[in-house]
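Asker: Structure in structure tokens, see below.
Read-outs throughout are calculated quantities, based only on the coordinates presented, and are distinct from any laboratory measurement. Here the structure is a predicted model, which means the values were calculated and not measured. Glycine also receives a Cβ, built like all others from the backbone with ideal geometry; neighbour counts cover every protein chain displayed.
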Amino acid sequence: MDGRYLFDTNVLIYYFNGFFSEDDREIDTILAESFNISIITRIEFLGWAGFSTDSMLYENANEFIGNATIFDLDDAIAEETIKIRLHSRIKIPDAIIAATSKVHGLRLLTNDADGYKKLGINVSNPLS
């Protein structure tokens with residue numbers, strides 16, 4: 001993996017829950033040092049219902065994304081989200097993630113690459 005990436009929520013969930021193989025050391029390095037996420041990913045990831053009954057797991061998850069650069073929703077991302085929604089029936093959170101990727105020129109790492117490719121987003125599936 002070279003270049004700059006925006007991580008989709010599903011990749012963080014899979015990684016945090018140990019669904020990547022031992023061969024995925026490059027993703028370990030990226031996530032251990034610094035990585036990029038949308039504010040939507042922060043909300044989706046930390047808002048998982050399972051954390052409400054396990055405060056230690058929540059703290060681990062919060063620490064895990066502590067190395068992330070979080071891109072807030074701003075006017076440029078809002079405008080790009082609107083453009084995406086006018087041409088696609090994609091859900092608003094996914095449209096915001098796609099727009100964040102596009103506005104900041106980041107390749108989106110997602111386990112739903114096909115859904116985003118239709119939007120003209122530069123994507124990779126780290127599990128394939």
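Asker: Net charge within 13 Å of Leu86 by Cβ-Cβ distance, Lys/Arg positive one each and Asp/Glu negative one each, not counting Leu86 itself?
Answerer: Neighbour charge sum, excluding Leu86 itself: +1.
Asker: While we're looking at this one, here's another question. For labels at Lys118 and Arg4 in the simple 7 Å Cα→Cβ model, what's the distance in nm?
Answerer: Distance between label points: 2.9 nm.
Asker: Based solely on its DSSP helices, what 222 nm [θ] is calculated for the chain when runs of n ≥ 4 H residues each add -39,500 (n - 2.57) and the sum is averaged over all residues, nearest 500 deg cm²/dmol?
Answerer: Helix contribution divided over all residues of the chain: -14500 deg cm²/dmol.
Asker: So for the range 5-124, what percent of the C-alpha to C-alpha distances run longer than 24 Å?
Answerer: Value for the range 5-124: 26 percent of Cα pairs lie more than 24 Å apart.
Asker: Run the simple label-point estimate for Glu26 and Glu63 please: 7 Å along Cα→C-beta, distance reported in nm.
Answerer: About 2.8 nm separates the two model spin labels.
Asker: Note down the nm distance, to one decimal, between modelled labels 7 Å out along Cα→Cβ at Ser34 and at Arg85.
Answerer: Here the modelled spin labels are 3.2 nm apart.
Asker: Pull out the extension gain between Phe19 and Asp75, defined as 0.36 nm times the separation in residues minus the alpha carbon to alpha carbon distance; nm, one decimal.
Answerer: Between Phe19 and Asp75, full extension yields 16.6 nm more.
Asker: Another question, then. Tell me, Val103, Val11, Val123 in order of fewest to most beta-carbon neighbours within 10 Å?
Answerer: Ranked by crowding around the Cβ, least crowded first: Val103, Val123, Val11.
Asker: If you fit an axis through the alpha-carbon atoms of helix 75-87 and take the longest principal axis of the Cα set of the chain, what angle between them do you get, 0 to 90°, nearest 10?
Answerer: Here the helix axis deviates by roughly 70 degrees.
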